[in-house]
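Written out below as structure tokens is the structure these notes cover.
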Amino acid sequence: MAILKVARIGHPVVRAAARPVPEDEILSAEVQRLIDDMIETMHDYDGIGLAAPQVHVGRRLAVIEVPASDERTEDGVPLIVLVNPVVTPEGEEKIVGWEGCLSIPGLRGQVPRFARLSLSAQDRQGRPYTAEASGFFARVVQHECDHLDGRVYVDRMKGMASLSFLDELERHDGPEREG
């Protein structure tokens, strides 16, 4: 396994829509190695999600894992691999919350996201994966799937007034760590 370089905004791969992973390639050594490297990279960067475009690979693939100790979620989110995910909002309710991104290091902003959604994808073995997500899990899924469409959280912000450097937020009683 290897720790991959994370692309930052400004690099074209971050703003490009990712291509689907062909079903017959999911179990290939190349895709399985990419998944392992993405998981290791996410952990090394202390992230809770990582999309393939963030590591310079334009494929519809993301990994998510939120530790149970994370105060933003009740039970955490066990490691999931999403291949070709599709998100369907459940209702119109949106919740505004802080987000950060490994591709936009050091910054945080307030982002509205759907409160609930249905998720369908394939897992790393190519099997169907479905989930109903709400709260912070729904936020993370939407954040990572945005990367697959060439979007980042600042594109979803209602304005730039909340965009802040993390160290300044921490110094002035803002969120301790987001994203």
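Accessible area per residue was computed with a 1.4 Å probe on protein heavy atoms; E71 scores about 150 Å². Note on region 1-64: semi-axes of the ellipsoid equivalent to its C-alpha gyration tensor, largest first and rounded to whole Å, are 18, 16, 9. Accessible surface for the chain, divided over its residues, is 50 Å² per residue with a 1.4 Å probe.
Run the numbers on region 36-76 and let me know its relative contact order in percent, using alpha-carbon pairs under 8 Å that are six or more apart. Walk me through the numbers on the way to the answer.
Values: 42 pairs, mean separation 11.3, N = 41.
Relative contact order for region 36-76 comes out at 28 percent.
Evaluating 6.51 cos²θ - 1.76 cosθ + 1.60 at θ = phi - 60° for every residue in region 40-46, the Karplus couplings come out as 4, 5, 4, 5, 5, 8, 6 Hz, glycine and proline recorded as x.
Pairs of Cα atoms in region 32-107 fall into 10 Å distance bins, from 0 up to the last occupied one, in shares of 16, 45, 35, 5 percent. Each Lys and Arg Cβ is given +1 and each Asp and Glu Cβ -1; about its Cα centre, region 1-102 then shows a dipole of about 640 debye.
Computed over protein heavy atoms with a 1.4 Å probe, the carbon and sulfur contribution to the accessible area of region 35-130 reaches 51%. The relative contact order of region 1-79, computed from alpha carbon pairs under 8 Å that lie at least 6 residues apart in sequence, is 31 percent.
Restricting the calculation to alpha carbons of the chain gives Rg and Dmax of 15.5, 51 angstrom. Under 5 Å between amide hydrogens, built in the peptide plane, is the criterion, and for R59 it picks out R19 among residues at least 5 positions away or on other chains. For region 114-176 and region 49-102, what is the centre-to-centre distance using only Cα atoms, to the nearest Å? What the calculation gives is 6 Å, centre to centre.
For W98, nonlocal amide neighbours, meaning residues 5 or more places apart or on other chains whose placed amide H falls under 5 Å from its own, are V111.
Can you give me the relative contact order of the chain as a percent, contacts being Cα pairs under 8 Å and 6 or more apart? Don't jump to the answer; show the numbers that get you there.
Working: 372 pairs, mean separation 41.3, N = 179.
Here the relative contact order equals 23 percent.
Extending 7 Å from Cα along the Cβ direction at D36 and again at E90 yields two label points whose distance is 3.5 nm.
Between S120 and R8, full extension at 0.36 nm per residue minus the direct alpha carbon distance yields a gain of 37.6 nm.
The values are calculated or read from the model by the stated rules, or taken from the named source; none is laboratory data. No experiment lies behind these values; they were computed from the predicted model shown. Every residue, glycine among them, receives a Cβ derived from its backbone with ideal geometry; neighbour counts consider all protein chains shown. Each accessible area value is taken on the protein alone, full model and side chains, heavy atoms only, with ligands, DNA and RNA left out. Shrake-Rupley method; radii C 1.70, N 1.55, O 1.52, S 1.80 Å.
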